[in-house]
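The values are calculated or read from the model by the stated rules, or taken from the named source; none is laboratory data. What you are looking at is a predicted structure, and each value in this text was computed from that prediction instead of being measured. Every residue, glycine as well, gets a Cβ built from its backbone with ideal geometry; the counts of neighbours run over all protein chains shown. Heavy atoms of the whole protein, side chains included, go into the accessibility calculation; ligands, DNA and RNA do not. Shrake-Rupley method; radii C 1.70, N 1.55, O 1.52, S 1.80 Å.
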Amino acid sequence: MIFRKKSSAAEPASDSTRPGIEQLWTDRLGAWSTRALQVLLLLTLISVIVYALTQLKLVVIPVLIALIFAAAATPVVVWMRSRGVGRALSTWIALLGGIAVFGGLVTAVVFAVEDQWSELSDSAVEGFEQLKNFALDGPFPIDQTALDDAWNAVIDFVTSATFGLGAIQGVSAAAQVVTGILLGLVILFFFLKDGDRIWEFFLRPLEGERLARGHRIGHTAVRTLGGYVRGTATVAAVDAFGIGIGLLILQVPLALPLAVIVFLGAFIPLVGATVAGILAAVVALVTNGWVVALIVLGIVVLVNQLEGNFLQPVVMAQSLSIHPLVILVALTAGTILGGIVGAVLAVPIAAVGWAILKTWNEKGHKPDLDSAPKKAKKKK
C-alpha cells in the first residue's frame with residue numbers, strides 16, 4: 001500500500017519560481033547595479049590616485065611643470081638639432097636661455113620695486129588713512145572703537161605664537177619651493193634632451209594598434225601642451241604690454257612689476273588677468289586717486305575684451321578647444337587640490353586629457369608596418 005504525502009497549503013512555493021543569481025544580475029536592474037558598481041570602483045581608484053599625487057606634490061608638481069615647459073621649448077630644440085647642433089648642446093642653450101630671460105625679468109622687477117618702494121609705501125599709508133576716514137565719515141559710518149578693536153586684534157595675531165608658527169611653516173614651505181625648483185630644472189633638462197627616448201622606453205611593451213595609440217598620445221600631448229603654453233604666453237604678453245603702456249602713460253608707480261603680474265596672471269584662465277588688472281587699479285587708486293584708477297580699470301576692461309574677442313580665439317583655437325564651463329570646473333578643482341600652482345596646471349591638463357580622448361581611436365596616424373605585408377599577401 002502506497003501512501004502519498006498530501007500537499008499542505010502552508011508549504012512554500014517551488015524554488016523554480018524564484019529568480020536565480022544569474023537572472024538577478026542580467027535583468028535591467030541588475031545591469032544598472034553592475035554599472036553603478038563599476039562607476040563606484042572607478043571613482044574609488046581615481047580618489048586613491050589623486051590622494052597619492054597630492055601626498056607627493058614635491059615630486060609631481062615639478063614633473064608636470066617641467067613637462068609643460070619642455071613641450072613649449074621642444075620646437076626650439078628640434079630646430080637647433082636640425083641645424084646640426086647636438087642633443088646636449090641644444091638642450092643647454094634652450095635651458096640657459098630660458099633661465100637668462102626669466103632671471104633678467106625678475107631682476108628688472110626687483111630693481112623697479114626697490115626704486116619706487118618708498119613712494120608706494122607712503123602712498124599706501126595715505127590711502128589707508130583715506131580709507132579709514134571714509135569708513136568713519138562715509139554713508140555707512142563705523143564706530144571708532146570697532147576700528148581700534150579690529151586693529152588691536154590684527155596686532156595681537158601678528159605678535160602671537162600662532163603667527164610665529166605660521167612664519168616657521170612659511171620658511172619650511174620656502175625650502176620646499178627651492179627644492180622643487182632645482183628638481184624641476186633637472187627634470188626639464190632630461191625632458192628636453194631625451195624626451196622622445198623616455199617616451200619610447202614606456203612604449204616598448206606595446207605593439208600593433210596599442211603602439212600606434214601610444215605614439216598618438218605622445219604626439220597629441222606635446223602638441224597640445226606646447227600650443228597652450230605658447231598661445232597663453234602670446235596672449236599674456238599682449239595683455240601685459242597694453243596695460244603696462246597705459247600705466248606708464250598715467251604715471252602709475254610700479255608699472256613694470258604690475259605688467260609682469262598681469263603677464264603671470266594670464267596663465268590662470270578666466271580670472272587671472274582680470275584679478276591682476278584690478279590690482280593695478282587698486283595701486284592707481286592708492287597712488288593717483290579715483291580718476292586715474294577708473295581710467296586704469298577702463299584700460300583693463302578694454303584690453304581683456306580685445307584679447308578675448310579677437311586674439312585668443314585665433315591663438316588658442318587648436319590648443320584649448322574646450323568649453324569655458326569645463327575650464328571653470330578644472331580651475332576650481334585644481335585650486336582646491338594644489339592652490340595657485342594647481343590653478344595654473346589644471347587647465348592644460350584638462351586640455352591634454354580632452355585631446356587624448358578625441359584621438360584615442362583615430363586611425364591612419366601610424367600604419368601597422370608589421371601587419372601590412374601580411375594583408376597584402378592574403379590578398380594575393
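Cβ-Cβ distance of LEU53 and LEU89, R₀ of 35 Å, FRET efficiency by 1/(1 + (r/R0)^6): the value works out to about 0.50.
Which residue, chosen from ALA266, ALA255, LEU211, occupies the Cα position most advanced towards the positive end of the dipole of segment 202-276, where the dipole is computed from +1 (Lys, Arg) and -1 (Asp, Glu) charges on Cβ about the Cα centre? Result: LEU211, furthest along the dipole toward the positive end. If you plug the beta carbon distance of PHE102 and ASP27 into 1/(1 + (r/R0)^6) with R0 = 51 Å, you get a FRET efficiency near 0.25. Compared with the alpha-carbon gap, the fully stretched path from GLN38 to VAL186 is longer by 49.3 nm at 0.36 nm per residue. Solvent exposure of segment 208-327, expressed per residue, is 48 Å² of accessible area, with all protein chains present and a 1.4 angstrom probe.
When each of the peptides 190-198, 175-183 is scored by the mean number of other C-beta atoms lying within 10 Å of its residues, the order from highest to lowest reads 190-198, 175-183.
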